[in-house]
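The structure appears below as structure tokens.
Bear in mind these aren't lab numbers, they're just calculated from the coordinates by the rules spelled out. Predicted model, so just to flag it, every value in this text is computed and none were measured. Note that we place each Cβ from the backbone using ideal geometry, even for glycine, and neighbour counts take in every protein chain shown.
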DNA sequence: TTGAAAGCGCTAACAA
DNA sequence: TTGTTAGCGCTTTCAA
């Protein structure tokens, strides 16, 4: 690997001039500049980022910790952030916390040694404590908020989204609406739960805690919770389910299928988060869609934007809107008064539309 | 951020000793060692990776370039690689090429400045040329091979997988089997095409080039190709489709739905790559499953394993097996001799808008 | 077993 | 406009 010394030698200038010619062209005479650039090209010179960063105490590197890169929602966030970083000449270090605070801490420690210019994190329950390890590091929280004071947050309107989902079911005529909710120490789960309650209240429906089951955001949790709710004795069984995230929604759908319940005839389902399979599943799922890519993009842009700036008095709180996408997994309830259709040959592929 | 100087001062030793105490404990007297470790802990010292790497000319960093992090197959690869790197104390720089050689080159250039210890790449058509920019950098190719001489490759048996898929269809009684194949400058696409041909040949079936349509690995390509194949006039229309990757398979399924063709009654479909939605789709898809996580893991382990070693005479070629997972998207053909069922209600009118 | 000193490649004061 | 020089934080000779 050629160094700037080699370039300088070939161009017959000092290393300082070579450095300037490449990084601050306007500080150097046109002729010299050209010689240096020419030499650099000839040697295939690529500056050593490590040396530069060490000297400048500025790495142009951003740490990004997402909860689970295998979840398309988080993958899309990561892509949005990475694309944005790239546009601004930053490089992203991507880590997975797998929803485990311990892993998140490890990621932060690793990151710290690399002296990132800033950090974007989709918090776990441990984030607030962990962030105290990294004072003076500009942080943007993404998707969820940890409650750490002073950090910029980029989220969606989870309360509003959950209300829209619940209200959609209510408007279809549902009165017993179950919710499969995420961990109650994660802000999104709390907010979605709140939105669900608020929508019920507005419609003067009772909140029945027996219809609200917690999960840890995994498919399996959704499956188990749905199985429980959907096998409640008839008057108690919910006619609709609002599921708090994408993975759990898959589980809920599988549970319904397994119980031979037709969606939406026997049970309506609304999920949170849109995704490829929400569209291609049968039936295509009604969901609350989130602008995941923009979430990542904006988090990154805000982080970069506030880098130079001194600590702003009031931290920025960006909130994006969600969108209710009505597909075919929701419909009016068919309760006991309707003859229970017995042998539907599973769930025929339903019309796919958007 | 405390530096090793601070630690040294607090422990009353020179920086050299402090460094040794932390990195090579056995070179230091027990008492001194303890004092240093104690001091480091007290200060929350974390070594500056940049300075260390600059000095040692060794970054313990691995570059990873995948084709598309939004594709669960690649996401799983990335996770496998990252987990493995982590276990060995390496940090991964993850980049997306988005299947574009130009983006891949940019990623490599960025990477180069960071002096990665090694590189793992899922090649595009440009990789072979680009790798010449990075001589002396240990490289492992993943999933696909670029033909760059001397690099270790970790792939699956694409020929075998494609043969298994095709043979499965043949055994079910299909005689006209269409294939939607990937870009013919990507090794996996070539291999899968070869496997398809080989299986036909072994069964003494003609290879009909009219039944083989190319695509660029995107859902949309699969959709268009399938639409074309499935609307061929009756005697020519294939009764089964083998689709060369996961994204295109989704497109093919959507096309079949839109044409009101029942899967597998009217057309059988086998995809390459398993995934969440392959399982949850309706019908659940028969696929050739690939060990994506292990692909990533092994690529990383081989890279790390060969780091110290001088250039091995014969490059390593790891090949993993695929597995035919039979679900419900394949069945025996029902050709013209069967009465064509006209109005299958289950399929529903499927206005798939795009 | 420890310390002094050099140097990785780069950029930024400062001087010329 | 250019060059000289120092130093970012660390590890590693070399010497004691």
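List of remarks:
- Site pair residue B:171 and residue B:3 shows an inter-label distance of 6.8 nm when each label is modelled 7 Å from Cα along Cα→Cβ.
- Gyration tensor (alpha-carbon) shape descriptor, the protein assembly as shown, a/c threshold 1.5: oblate
- Size descriptor, Kirkwood hydrodynamic radius, that averages inverse alpha-carbon separations across the range A:1-130, Å: 17.0 Å
- P(r) histogram, all alpha-carbon pairs of the range B:90-175 included - 10 Å bins from 0, percent: 16, 42, 20, 13, 7, 1
- From the Kirkwood radius over Cα pairs of the range B:1-75, Stokes-Einstein at 20 °C and 1.002 mPa s returns a whole-number translational diffusion coefficient of 150 µm²/s.
- Looking at the protein assembly as shown, the DSSP beta bridges with both ends there are about 10 percent antiparallel.
- Three-way shape call for the range B:77-124 based on the alpha-carbon gyration tensor, with the a/c threshold at 1.5: oblate
- Calculated FRET value between residue B:220 and residue A:14, using beta carbons and R₀ = 60 Å, to 0.05: 0.60
- Residue-span extension gain [residue B:83 to residue B:132] - 0.36 nm each, minus C-alpha spacing: 14.8 nm
- Taking a point 7 Å out from the Cα of residue B:259 in the direction of its Cβ, none of the residues of the range A:269-291 has a backbone N less than 15 Å from it.
- Label-point gap, in nm, between residue B:55 and residue A:317 - each point 7 angstrom along Cα→Cβ: 4.6 nm
- Pair residue B:24, residue B:327: separation of 7 Å Cα→Cβ label points (nm): 5.5 nm
- Averaging the sequence gap over all C-alpha pairs within less than 8 Å and six or more residues apart, then dividing by the number of residues, gives chain B a relative contact order of 17 percent.
- Projecting the alpha carbon convex hull of the range B:36-85 along each direction and taking the average yields 5.5 nm².
- With Cα atoms as the point set, the radius of gyration and Dmax of chain B evaluate to 26.2, 93 Å.
- The value obtained for the range B:209-267, namely the Cα convex hull volume divided by the number of residues, is 69 Å³ per residue.
- Neighbouring partner chain Cβ atoms per residue of B:106-116, average, 10 Å criterion: 4
- The distance separating the Cα centre of the range A:197-215 from that of the range A:240-276 comes to 18 Å.
- Computed from the Cα positions only, the extents of the range B:4-47 along the three principal axes stand at 22, 17, 16 Å, in decreasing order.
- Taking every DSSP beta bridge that has both ends in chain A, the antiparallel portion is near 10%.
- Equivalent ellipsoid dimensions for the range B:155-213 as semi-axes, Å, which come from the Cα gyration tensor, largest first: 18, 13, 8
- When the P(r) is computed for the range A:57-201, the part past 28 Å accounts for 26% of the Cα-Cα pairs.
- Distance from the range B:87-116 to the range B:1-78 (C-alpha centre basis), Å: 23 Å
- Sorting the segments B:143-154, A:315-326, B:61-72 by their residues' average number of neighbouring beta-carbon atoms within 10 angstrom, most packed first, yields B:61-72, B:143-154, A:315-326.
- Copy-to-copy label distances for residue A:210, where each label lies 7 Å from Cα along Cα-to-Cβ, are 6.5 nm in order of increasing length.
- Residue A:32 label point (Cα plus 7 Å toward Cβ) to equivalent points in the other copies: 4.6 nm, shortest first.
- With label points set 7 Å from Cα along Cα→Cβ, the inter-copy distances at residue A:133 are 3.5 nm, sorted shortest first.
- Its Kirkwood hydrodynamic radius, worked out from the mean inverse distance over all distinct Cα pairs, puts the range A:205-326 at 16.3 Å.
- With Cα atoms, 0 to 90° folded angle of helix A:292-305 axis to chain A main axis: 40 degrees
- Counting Cβ atoms of other protein chains within 10 Å of each residue's Cβ and taking the mean over peptide B:39-48 gives 2.
- Between the beta carbons of residue A:206 and residue A:310, assuming R0 = 51 Å, the FRET efficiency works out to 0.50 to the nearest 0.05.
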